[in-house]
Structures are given as C-alpha cells and as structure tokens.
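Notes for the one structure printed next.
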Amino acid sequence: MDHPSDFTRLPHTRARGRLGEDEAVRWLLDRGYRVIERNAANRVGEIDVVAEQGGDLCFVEIKARANRTFGSALEAVPPAKQRKLARAASLYLVHHPTDLPCRFDVLAMDLADDGWRFTLVRDAFRLA
C-alpha cells in the first residue's frame, strides 16, 4: 500500500478488506508464517489465511479497522464468529488432513496516523 490513507479512500469494504489483508500477509510472512492458502472458502465459511508457523497449522482471522466507530479490530471476533471459524476450519481439515497441531490466531490491524498498528493474538481462542 502506498500510504495507509489509501485504505480509507476505498469506497467498498471488499476492496478495503483485500488491501488490509495484503498488508497483513506481508506482516505475517515477516514473522515466520508460511502461507499455505488465502481466502480458503467452503460451504461453512471462509478462513482469511491458512499458514504454518512454529510447527502449527494456523487459521488466521484478519480484522482491519480505519477507526473505532465499530470498536477495535480485535473486538470484531466475538464468540459467534469464533464458532463459525471453527466450523470452517473443521471442514477445511476434512479436505486437507494434517498431523500438525492446529490453532486459531487473530491479527488485528488498527489504522493510526502513521500507519497500521498490528496486534497478533496467537492461539486466540479454543472451542470445547
């Protein structure tokens, strides 16, 4: 992205999401994540990024916010969203079996005057 304000200039949330996701993937790669798949969609839902990191298969949910009108990016993954992600990940694993331990990471991106503020929560949630 040429400048973080490019994100706020985009009129459509899908375009904003793609731009934010591109930044997030670069950030994850710089931190040792190996991206396996982006936007892994199935009939249950979509996983933003499937990656391997530290011997774990990671299902990464990316949330970007230009402002706090609707809360912080991290607050955008409530329990209902977590359950949906878990169902999508379960179906993903049916079609892509692995012996790797799995975890859910959330990468929150909040836009500040000088660029993105990234907050990574590894193993962000577990479901019973």
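Residues that are at pLDDT 95 or above and loosely packed, with under 13 Cβ neighbours inside 10 Å were ranked within region 1-36; the one that is nearest to residue 87 (Cα to Cα) is 34.
The residue of region 85-119 that is nearest to residue 30 (Cα to Cα), among those that are among the charged types (D, E, K, R) and surrounded by fewer than 16 Cβ atoms within 10 Å (Cβ to Cβ), is 117.
The values are calculated or read from the model by the stated rules, or taken from the named source; none is laboratory data. Not measured: the values here are computed from a predicted model. Because the Cβ atoms are built from the backbone with ideal geometry, glycine has one as well, and the counts that use them run over all protein chains shown.
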